[in-house]
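One structure below.
The values are calculated or read from the model by the stated rules, or taken from the named source; none is laboratory data. As the structure is a computational prediction, the values presented were derived from the model and not from experiment. Counting neighbours? That spans all protein chains shown, and the Cβs are built from the backbone with ideal geometry, glycine included. SASA here: full protein model, heavy atoms, side chains in, ligands and nucleic acids out. Shrake-Rupley method; radii C 1.70, N 1.55, O 1.52, S 1.80 Å.
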Amino acid sequence: QVQLVESGGGLVQAGDSLTLSCAYSGRDFSDYALGWFRQSQGKEREFVSAISWNGGSTLYANSVKGRFIITRDNARNTVYLQMNSLKTEDTDVYYCAARPFTTRSAAGQYDYWGQGTQVTVSS
């Protein structure tokens with residue numbers, strides 16, 4: 001059984017930085033690619049970023065490319081999303097997800113999900 005727990009969300013101002021963490025427990029962490037998605041109420045879940053099982057491959061949505069950085073620490077079973085130059089439109093609930101080995105941008109291709117952490121960016 002895989003469990004994912006996000007943390008690090010909060011209220012920040014536009015232009016600030018924030019780092020989200022996702023703690024993984026269960027099967028071998030190094031067998032899974034991890035992704036970050038975000039969702040507003042009434043909207044579809046949107047891909048943000050993903051990192052492969054060994055960190056060798058990363059994907060970013062165009063809306064966050066150059067501002068967000070995804071990393072993983074396989075020794076700590078944790079994936080991070082460093083968010084810089086935050087904009088009000090980055091306000092959302094952010095979810096961590098896991099799938100075997102390789103990165104994908106489609107939410108339906110992820111097997112496990114966390115409960116989400118709220119990020120609010122004020123102007």
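Within the range 34-57, how many residues are at pLDDT 95 or above and open to solvent by less than 60 Å² (accessible area, probe 1.4 Å)?
13
Tell me which residues, restricted to the range 70-123, are buried (at least 16 other Cβ atoms within 10 Å of the Cβ) and of a type in the set (A, V, I, L, M).
I70, V79, L81, M83, L86, V93, A97, A98, A107, V119, V121
Can you give me the ranges of the strands (runs of 3 or more DSSP E) entirely in the range 36-123 with at least 1 residues that are over 20 Å from A14 (Cβ atoms)? Break it down into steps so the answer makes sense when it comes.
Values: elements: 46-51, 58-60, 68-73, 78-83, 92-100, 117-122.
Result: 46-51, 58-60, 68-73, 78-83, 92-100.
Please go through the range 6-33 and pick out each residue that is farther than 18 Å from W53 by Cα, among the hydrophobic types (A, V, I, L, M, F, W, C) and surrounded by 13 or more Cβ atoms within 10 Å (Cβ to Cβ).
Matches in the range 6-33: V12, A14, L18, L20.
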